[in-house]
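Taking it in order: structure first as structure tokens, then the write-up.
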Amino acid sequence: MYSLQDEKIAAALARLHCEAEADPERWAHDKTTMSNDLVRMGDLYLGITEAEGKLLYLLARCCQARRIVEFGASYGISTLYLAAAARANHGRLITTEVHPKKCAAIQATIHGAGLTDVVELLAGDARETLSGIDGAIDFVFLDGWKGLYLPVLNILKPKLRHGALVVADNITHSAARDYCAAVRAHDSGFVSVTLDQQELSYYI
Ligand SMILES: C[S@@+](CC[C@H](N)C(=O)[O-])C[C@H]1O[C@@H](n2cnc3c(N)ncnc32)[C@H](O)[C@@H]1O
């Protein structure tokens, strides 16, 4: 058995994926959630799919990432995949979320999944909360507001371990254009590849 198959983690993931399926319906009723305003992004899940989650899990396991950082947890779908990998790697996950209601829900989910010893949630704007962390980082998942990918990467870059992997989601969004240009640049320090909606950048 591997850590994703842990009974509590699997149950939490099944619940969250199921709840996230209501997103399109709720989205249709609340156009304000399309706003760029951080908190008014609302209470939508906007979560990754099971396939994307498993990809994150196996990438983090392959890297043997012990210190993982996530930008944008929402209700914690990706958080659970990353935390399961961190647990298997005897590591820790630092995640971030700005929406107060989501922060409360994540804490409860993490507790229910038995992952409180693995996950630290930094509540608030990640540009502030991540500025304060220290220590080397092995793996980063970017899934908050797309226009902040580059500012967040710039905060984390001095702390990236050589050989770290940075995965950015939804990179076809126009707001992620400057981020993609930066990591793909010849002198970026990254080897970067685009996989459909995700940019995988290996820090050399
Ligand atoms: C696409 S959702 C994340 C989905 C999540 N990764 C998952 O798979 O379930 C983006 C989240 O990022 C959060 N967010 C956006 N900007 C943020 C910021 N500056 N700091 C922290 N969280 C932020 C939003 O509140 C939202 O919940």
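The values are calculated or read from the model by the stated rules, or taken from the named source; none is laboratory data. As the structure is a prediction and not an experimental result, all values here were calculated from the model. FYI the Cβ positions are ideal-geometry reconstructions off the backbone, even for glycines, and counts take in every protein chain you see.
Which one of these does D117 not meet: (1) assigned to a helix (DSSP H, G or I); (2) at pLDDT 95 or above; (3) over 14 Å from the mean Cα position of the chain (by Cα)?
Going through the list (1) assigned to a helix (DSSP H, G or I); (2) at pLDDT 95 or above; (3) over 14 Å from the mean Cα position of the chain (by Cα), D117 breaks only (1).
Across region 39-68, which residue is nearest to the ligand (Cβ to nearest atom) among those that are of a type in the set (K, R) and closer than 24 Å to K102 by Cα?
It comes out as R40.
Show the residue pairs meeting these rules: Cβ distance below 6 Å; 6+ apart or different chains; first residue within region 107-125 and without any contact (Cβ under 8 Å) to a residue 24 or more places away in the chain; second residue among the basic types (K, R).
none
Across region 58-101, which residue is farthest from A12 (Cα to Cα) among those that are more than 14 Å from the chain's Cα centre (by Cα) and among the basic types (K, R)?
By that ranking, first place goes to R66.
Under 7 Å by Cβ, and 6 or more places apart or on different chains, what pairs join a residue from region 10-24 that is touching a residue at least 12 places away in the same chain (Cβ under 8 Å) with one that is among the charged types (D, E, K, R) and within 12 Å of the ligand (Cβ to nearest atom)?
H17/E50
Can you name every residue in region 161-182 that is in contact with an Asp or Glu (Cβ under 9 Å, 6 or more places away or on another chain), among the hydrophobic types (A, V, I, L, M, F, W, C) and within 15 Å of G147 (Cβ to Cβ)?
A168, I171, A176, C180
Would you say H162 is more than 20 Å from G53 (Cβ to Cβ), surrounded by fewer than 21 Cβ atoms within 10 Å (Cβ to Cβ) and touching a residue at least 24 places away in the same chain (Cβ under 8 Å)?
yes
Residues A123, A176: which one is under 19 Å from R67 (Cα atoms) and either crowded, with 18+ Cβ neighbours inside 10 Å or at pLDDT 95 or above (or both)?
The conditions single out A123.
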